[in-house]
1. When the solvent-accessible surface of protein heavy atoms is calculated with a 1.4 angstrom probe, in what order do L198, L311 fall, highest first?
2. Taking amide H atoms as placed 1.01 Å from N in the peptide plane, list the residues 5 or more away in sequence, or in a different chain, whose amide H sits under 5 Å from that of D298.
3. Apply the Karplus parameterisation 6.51 cos²θ - 1.76 cosθ + 1.60, with θ equal to phi minus 60°, to every residue of the stretch 243-255 and state each ³J(HN,Hα) to the nearest whole Hz, in sequence, with x for glycine and proline.
4. Long-range amide H contacts for A206: which residues qualify at under 5 Å (H placed 1.01 Å from N, peptide plane, sequence gap of 5 or more or a different chain)?
5. What pairs from K53/K192; K53/K308; K89/K192; K61/K133 go past 22 Å between their alpha carbons?
6. Output the peptides 301-307, 161-167 sorted from most to least packed, where packing is the average of other Cβ atoms within 10 Å over each peptide's residues.
7. Could you order H46, H181 by accessible surface area, starting with the largest, using a probe radius of 1.4 Å?
8. Using a 1.4 Å probe on the protein heavy atoms, what percent of the accessible area of the chain belongs to carbon and sulfur?
Amino acid sequence: MSLLETLAGKGLRREPPTRDEALAVLATSDDDILDVVAAAGRVRRHWFGRRVKLNYLVNLKSGLCPEDCSYCSQRLGSEADVLKYTWLKPAEAADAAAAGMAAGAKRVCLVASGRGPTDRDVERVADTIAAIKERGDVEICACLGLLRDGQGERLAEAGAHAYNHNLNTSEGVYADICSTHDFSDRQDTVQKSKDAGLSPCSGLIAGMGETDEDLVDVAFALRDLGVDSVPVNFLIPFDGTPLAERWTLTPQRCLRILAMVRFVNPDVEVRLAGGREIHLRSLQPLALQIVNSIFLGDYLTSEGQAGKADLEMIEDLGFEVEGADTPSMPEHRRAETVSVRRRGAGTALPPNA
């Protein structure tokens, strides 16, 4: 049996590939790219059909971040000519979110630059969530940096559905891209979001000079964390940042990375995220055969493809936008997300304490 047949079969059974198999996907030739897409597409369609989940970003606070992540246009010392502003008022954020909701976005992602939120910031976001939910039924994902104890629980109480905090790259090279926090800080925040009852969202950025081994490491680290959604970003080399000249990705390389992530995490939401337009270019439709989720419209500090073009691409592929009432995750993952209490008060079993 060929490598791709083996990987597709494992994906249908929710079995992860071996590390060597994952590395072999990244080592396939450009001549084989359609076969790679077809194999990963089988896994995608098995778990998610032909649905595409639309996500919409609202940048609540832009620029002037004290962290020094090398890839980021909002980093400490960045000379990138990006928008810089402090917190949007709840009504302003709700107006921005409404545009994405009107275009079919099922999830609104509220993002703020900075190391992590203060408790006052969390209350700002809680007010913003309330303002958005007055406009309609939509999932809210917060992305506010490193969480402190109790903050995830407060966001969940306010109506947030998910929390995003990307691992970005492998633990082995994380110090090469950031010195103001480390890989374990990011892992801890993902775990805090899970413990708070929020759906954990965490992904990666490809194209920062990492090796194939690094990409496989982060894909498996995300699997080990049990995240529900994996946004795959491709580096946007902003002028004024340390990685401004790092143009190493090809459309075929991007497709292989997406396929590897799909094989390692077969039944989770894999999202085509930042940088897709400039790196995949005309091959974006092939990427949608692998992923089941995209960001609609613009990103945090860069403009994206026109929303109308995204919707036309989805329609031309014969796919359909995932509706608000359609569960995103396969049934078995929804069942696993909530563990019903069977011990402690009301039972004969000791409590979990």
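The values are calculated or read from the model by the stated rules, or taken from the named source; none is laboratory data. As the structure is a prediction and not an experimental result, all values here were calculated from the model. Note that each Cβ is placed from the backbone with ideal geometry, even for glycine, and that neighbours are counted across all protein chains shown. Just so you know, the surface numbers come from the protein's heavy atoms only, side chains and all, with ligands and any DNA or RNA stripped out. Shrake-Rupley method; radii C 1.70, N 1.55, O 1.52, S 1.80 Å.
1. Working: L198 5, L311 60 Å².
Ranked from most to least accessible, the order is L311, L198.
2. Residues meeting the criterion, in which the H sits 1.01 Å from N, are G304.
3. For the stretch 243-255, the Karplus-derived couplings read 9, 4, 9, 8, 10, 10, 8, 10, x, 5, 4, 4, 5 Hz, x marking Gly and Pro.
4. The list, which skips near neighbours in sequence, is N233, F234, L235.
5. On the way: K53/K192 25 Å; K53/K308 15 Å; K89/K192 27 Å; K61/K133 20 Å.
Distance filter (> 22 Å) returns K53/K192; K89/K192.
6. Values: 301-307: 16.3, 161-167: 23.7.
Packing order, densest peptide first, comes out as 161-167, 301-307.
7. Ranked list, largest accessible area first: H46, H181.
8. Working: 7520 of 15140 Å².
The value for the chain is 50 percent carbon and sulfur by accessible area.
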